[in-house]
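Following: one structure in structure tokens, then a few remarks.
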Amino acid sequence: MTFESAVFYFFSVVLLGSAAMVVTIRNPVKSALFLVLAFVSAACIWMLLKAEFLAIVLVLVYVGAVMVLFLFVVMMIDVNLAVLRQGFGEYLPIGGLVAVLMVMEIALAVGPRQLAPTRIAAAAVHAPAAHVSNTRALGLLLYTTYVYPFEIAAAILLVAIIAAIALTMRRRPDTKYQDPARQVEVQARDRMRLVKMPAEPKT
Amino acid sequence: MMEGLAALWGSIPAWSQVLLWDLAKIVAIVVPLMLSVAYLTFVERKVIGYMQVRIGPNRVGPRGWLQPIADGLKLLLKEIIVPAGANKGLFIVAPVLALMPALVAWAVVPFTSTLVLANVNAGLLFVLAVTSMGVYGVVVAGWASNSKYAFLGSLRSAAQIVAYEIAMGFALVGVLMAAGTLNLRKIALAQAGGFWHWLFLPLFPLFLVYFIAGVAETNRAPFDVAEGESEIVAGFHVEYSGMTFALFFLAEYANMILVSALTAVLFLGGWFPPFDFAPFTWIPPLGWFLLKVAVILFLYLWLRATFPRYRYDQIMRLGWKVLIPVTLVWIGVMGFVMFFTPWAFVFYR
């Protein structure tokens with residue numbers, strides 16, 4: 001066994017173990033933390049495949065931003081596990097059917113037929129030369145060959161962001177808020193009036 | 001003797017040679033880093049002391065120079081108290097989670113053109129990704145302590161770090177556009193020859209945004225609401241004592257030095273002297289690098305001694321409504337100038 005395969009098996013075991021813990025552990029915060037561990041191990045496996053850009057972006061986006069917000073929410077809610085576990089047996093057949101279907105679909109999409117060594121060798125012909133940085137190669141592809149799909153995806157995401165804000169934001173006339181521009185512009189004479197009056201005699 | 005050692009070195013397998021050599025390099029980075037963290041706390045107390053017309057610590061050793069050693073020893077010997085109802089495992093893991101990214105990011109920082117542990121192509125992204133993991137230490141600590149104050153501190157920290165990371169990332173996009181590479185060593189090399197080649201001049205707004213976001217990311221004053229003493233006692237580390245508390249401090253100061261080193265590499269020409277002639281070139285490259293880091297660290301301390309703490313809503317406003325628009329506008333300006341006008345040479349390096 002070479003050093004690389006040892007590293008691969010190590011991270012695979014950690015990835016599968018933490019993914020199993022995500023769905024089995026009772027505490028939601030710990031479950032979210034195990035999901036973080038799963039992301040990091042997946043990133044390490046991608047790193048082994050020399051896909052350093054994808055690996056780093058996985059950590060940057062999912063571990064650094066998405067999961068932090070996720071934890072933020074999960075930490076604040078008090079999950080009642082007894083309620084969550086109600087009707088577990090009732091829903092088990094439907095849930096099991098969905099799970100089996102999903103596993104079959106995944107197997108069809110990324111089965112041994114698609115990932116056979118001959119296919120990978122055929123795909124490797126298109127891979128950039130070793131001295132070209134992975135990030136640069138991806139950037140060139142995204143902004144030349146695939147520029148329209150890329151821009152359309154970006155526009156759809158932007159629309160989704162604006163829609164989410166528009167749906168949830170409501171102007172409340174009764175909230176008090178500060179306008180920093182007005183605070184900066186304020187002059188002494190707007191707030192204070194100097195009154196001249198004669199001194200009163202000492203009593 | 002030397003021949004014996006060389007023979008011993010040759011006799012061990014190649015992979016363990018690589019491993020030992022890398023380990024030695026890591027020790028050569030981490031030990032001076034930890035020493036500078038210890039003395040940074042001392043310098044901080046002294047500098048703030050003088051700014052407030054006090055002397056600062058001057059009792060332990062000559063002129064107080066052994067104060068950080070005494071502090072460290074004291075923290076080592078203190079009992080680690082785990083509060084009742086705390087989540088013990090996570091409570092102990094949290095300080096480790098805080099310190100680990102602060103040390104890992106040093107792997108790609110170039111000290112001089114040859115002195116770098118890992119010269120990776122996506123170095124800038126690596127630093128961003130690793131430093132973004134530092135927030136877990138704070139969040140987990142706040143949650144695991146089973147304390148209201150700690151919990152509020154960690155919530156504040158999570159929101160603040162997510163907000164300022166976006167501004168920081170956009171500021172680095174500007175650096176990437178000007179230098180044309182993600183490799184930290186090449187970014188510094190692109191700034192060779194005199195301070196007018198350094199990136200802080202064409203990218204001045206981004207330089208300011210990066211520094212401010214760096215101060216906010218390291219939870220330093222005036223952005224230290226995560227441990228705001230006046231409202232939430234000590235924030236996320238209120239329940240920590242002894243060595244676990246010390247690890248949080250090590251992480252905070254190691255992060256400060258890291259942000260300073262990155263500012264020096266990305267915007268201030270790394271290890272290059274400000275003028276490329278005689279008296280300036282006498283100082284070796286490493287000396288210039290350390291000098292720049294020290295100047296930026298002094299700025300950190302100066303900020304802490306000068307400004308009162310921001311209010312929470314003011315922090316959010318500054319991050320989302322001021323810093324992010326500034327970076328977006330400047331990136332747009334850069335893109336326009338670089339591709340549509342004859343003044344592209346201002347930005348290209």
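The values are calculated or read from the model by the stated rules, or taken from the named source; none is laboratory data. What you see is a predicted model, and the numbers here were worked out from it, not measured in a lab. Here Cβ is always computed from backbone atoms with ideal geometry, including for glycine, and neighbour counts include all displayed protein chains. Side chains included, ligands, DNA and RNA excluded: accessible areas come from the protein's heavy atoms. Shrake-Rupley method; radii C 1.70, N 1.55, O 1.52, S 1.80 Å.
Residues of the stretch B:138-148 that are open to solvent by less than 20 Å² (accessible area, probe 1.4 Å) and either facing chain A (nearest Cβ under 10 Å) or closer than 23 Å to A:LEU60 by Cα (or both): B:VAL138, B:VAL139, B:VAL140, B:ALA141, B:GLY142, B:ALA144.
Number of residues in the stretch A:49-61 that are more than 10 Å from every other protein chain (Cβ to nearest Cβ) and open to solvent by 40 Å² or more (accessible area, probe 1.4 Å): the value is 3. Look at the stretch A:132-146: where a residue is within 11 Å of chain B (Cβ to nearest Cβ) and a partner is surrounded by fewer than 14 Cβ atoms within 10 Å (Cβ to Cβ), sitting 6+ places away or on another chain with Cβ atoms under 7 Å, you get A:ASN134/A:LYS50; A:ALA137/A:PRO128. Assigned to a helix (DSSP H, G or I), aliphatic (A, V, I, L, M), within 26 Å of the chain's Cα centre (by Cα) and more than 27 Å from B:ALA107 (Cβ to Cβ) - does that describe any residue in the stretch B:23-32? There is no residue in the stretch B:23-32 that is assigned to a helix (DSSP H, G or I), aliphatic (A, V, I, L, M), within 26 Å of the chain's Cα centre (by Cα) and more than 27 Å from B:ALA107 (Cβ to Cβ). Residues in the stretch A:5-20 that are surrounded by fewer than 17 Cβ atoms within 10 Å (Cβ to Cβ) and not hydrophobic (A, V, I, L, M, F, W, C) were compared, and the one that is farthest from A:LEU71 (Cα to Cα) is A:SER5. The single residue among B:VAL329, B:VAL333, B:VAL337 that is modelled with pLDDT of 85 or more and either surrounded by 14 or more Cβ atoms within 10 Å (Cβ to Cβ) or touching a helix residue (DSSP H, G or I) at 6+ places or on another chain (Cβ under 7 Å) (or both) turns out to be B:VAL337.
Checked against the criterion of being within 14 Å of chain A (Cβ to nearest Cβ), touching a residue at least 40 places away in the same chain (Cβ under 8 Å) and in a loop (DSSP other than H, G, I, E, B), the stretch B:192-213 contains not a single residue that satisfies it. Here is the figure for the stretch A:29-82: residues that are modelled with pLDDT of 85 or more and among the polar types (S, T, N, Q) total 2.
Every residue, every condition in (1) within 21 Å of the chain's Cα centre (by Cα); (2) at pLDDT 90 or above; (3) loosely packed, with under 13 Cβ neighbours inside 10 Å; (4) small (Gly, Ala, Ser), yes or no:
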site: B:PHE280; (1), (2), (3), (4): no, no, no, no
site: B:PRO285; (1), (2), (3), (4): yes, no, no, no
site: B:PHE298; (1), (2), (3), (4): yes, yes, no, no
site: B:TRP302; (1), (2), (3), (4): yes, yes, no, no
site: B:ALA305; (1), (2), (3), (4): yes, no, no, yes
site: B:ARG309; (1), (2), (3), (4): yes, no, no, no
site: B:TYR312; (1), (2), (3), (4): no, no, no, no
site: B:ILE315; (1), (2), (3), (4): yes, no, no, no
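Taking first residues from the stretch B:63-82 that are within 20 Å of B:PRO95 (Cα to Cα) and partners that are open to solvent by 100 Å² or more (accessible area, probe 1.4 Å), the Cβ contacts under 7 Å between residues at least 6 apart in sequence or on separate chains come to B:VAL82/B:LYS88. All of (1) within 9 Å of another protein chain (Cβ to nearest Cβ); (2) more than 19 Å from B:LEU262 (Cα to Cα); (3) open to solvent by less than 20 Å² (accessible area, probe 1.4 Å) hold for B:PHE151 with one exception: (3). Here the helices (runs of 4 or more DSSP H) wholly within the stretch B:246-344 that include at least 1 residues being touching a residue at least 12 places away in the same chain (Cβ under 8 Å) and not hydroxyl-bearing (Ser, Thr, Tyr) are B:285-306, B:312-317, B:324-340.
Listed by first and then second residue, the pairs linking a residue in the stretch A:21-44 that is within 13 Å of chain B (Cβ to nearest Cβ) to a residue that is polar (S, T, N, Q) and surrounded by fewer than 19 Cβ atoms within 10 Å (Cβ to Cβ), with Cβ atoms under 6 Å apart and 6 or more places separating them unless they lie on different chains, are A:ILE25/A:SER31. Residue check: B:VAL135 meets all listed conditions (1) open to solvent by 10 Å² or more (accessible area, probe 1.4 Å); (2) closer than 17 Å to B:PHE236 by Cβ; (3) without any contact (Cβ under 8 Å) to a residue 40 or more places away in the chain but one, namely (1). Per the listing B:MET177, B:MET168, the residue uniquely part of a helix (DSSP H, G or I), open to solvent by 50 Å² or more (accessible area, probe 1.4 Å), within 13 Å of another protein chain (Cβ to nearest Cβ) and under 22 Å from B:TRP330 (Cβ atoms) is B:MET177.
Scan the stretch A:21-48 for residues that are assigned to a helix (DSSP H, G or I) and open to solvent by 50 Å² or more (accessible area, probe 1.4 Å) and the total you get is 10. Checked against the criterion of being over 30 Å from B:ILE166 (Cβ atoms) and not β-branched (Val, Ile, Thr), the candidates A:PHE34, A:PHE53, A:PHE10, A:PHE70 yield just one match: A:PHE10. Looking across the stretch B:236-273, the residues that are closer than 22 Å to B:PHE204 by Cβ and among the aromatic types (Phe, Trp, Tyr) come down to B:PHE267, B:TRP271, B:PHE272.
Of all residues being open to solvent by 40 Å² or more (accessible area, probe 1.4 Å) and farther than 23 Å from B:PHE170 by Cβ in the stretch B:114-132, which is nearest to the other protein chains (Cβ to nearest Cβ)? Just the residue, please. Filtering first and then ranking leaves B:ASN119. If the condition is being within 14 Å of chain A (Cβ to nearest Cβ) and either open to solvent by 70 Å² or more (accessible area, probe 1.4 Å) or among the aliphatic types (A, V, I, L, M) (or both), then the stretch B:77-91 contributes B:ALA86, B:LYS88, B:LEU90. Checking B:ASN119, B:ASN87, B:ASN146 one by one, the residue that is in contact (Cβ under 8 Å) with a residue 40 or more places away in the chain, of a type in the set (S, T, N, Q) and more than 21 Å from A:LEU33 (Cα to Cα) is B:ASN119 and no other.
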